[in-house]
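Handing you this structure, nothing more for now.
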Amino acid sequence: MSYVHTTTQRLKRFVVTVVLIPLLIQVTLGLNFSCIIAPTPFPGASPSLPNISNQFTTQVEANIENKGYTVNAVEYFDEPNNRGRLDFSGAYQQGRFSLIYTYSDEQWLYINSTHCTAHPLLPNSTFLAFPVNFENQGNAHIRGVADILLFGKKYNETYLGQETVRGISADHWKTCMDTRFGGSMSVDWYFTAADWTSEGNGTPLRLVVEGVDPNRAQPNTYNNTDGWHYFKHSYDFVFFTEGPPDNSVFQIPRGMFCDGSNARKDMPSIPEHFSARLQMVNAVNNTIYNLAVSISTYIRVIDQRPYQKL
């Protein structure tokens, strides 16, 4: 239990902000922050908002600019099948670890190279990398891609024209919003422009969030002090691939026991009729039998070759 407790405490450092990956906002400044959007819309026709698939895999480089460190991650998002996963490296020197969220099982898993621990997915859970809805019956369901990526018509984005991001022609969209803790922030999104050839038009390239939050949002970090802290995070998306992630991504690693997990694999089905060649080892008299069998409603030995001494 001490390991589980320690792991949980470490993970709480990754308290989820309202962005795609759970990353800690940790800087205090004497602050004044205003989210400002150009007073007049972009002159000319704005492109349509990109349609982002509700199933995707992407690599993310998260730069926590206010603290001066980088976190690398691979994200798997699968809304139709109610699940998500994040693989982290370079975060707080914890080494590599994974977080698997299976909302149908109402649990999330922490996995590193040697351990796996399961945690219940509750309405008041403090560590949810992917926003969740709890239906009337209490069933958990991962929220849609608009809430995961903070992008869509509901967020009232303003188009600010084209810019160059990582050498790529990109459409720039911006909006202002409240944080989940009562602060405020700007959200800037950059997507591949229509005149740029890539795997798909409107591919996410970069997300930048900047703003302020009350210290009470993270009482352990700020020792329950009053006041506000500033944050700025930028997220670069590479190898953004639409389509369902492979089922194996959401499985507990082979040979690893996950303490407290309620996830179960279905037993494989066995056909009623099949034939096979078998090798039977008798350790009592040190012999090997090579058999050919046919299985239907009973087992019949078709061929038994002479045994061999071990």
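Please find the FRET efficiency linking T241 to A283, where r is the Cβ-Cβ separation and R0 is fixed at 45 Å, and quote it to the nearest 0.05.
0.35
So which aspartates and glutamates can K154 reach, going by Cα to Cα under 17 Å and dropping same-chain residues fewer than 8 places off?
D178, D188
Between S113 and E65, what is the spin-label point distance in nm, taking each point 7 Å from the Cα along the Cα→C-beta axis?
Simple spin-label model gives 3.4 nm for this pair.
The numbers here are math on the coordinates, done by the rules we state, and not lab data. Computed from a prediction, not measured in an experiment: that's the story for all the values here. All Cβ positions, glycine included, derive from the backbone under ideal geometry; neighbour counts span all protein chains shown.
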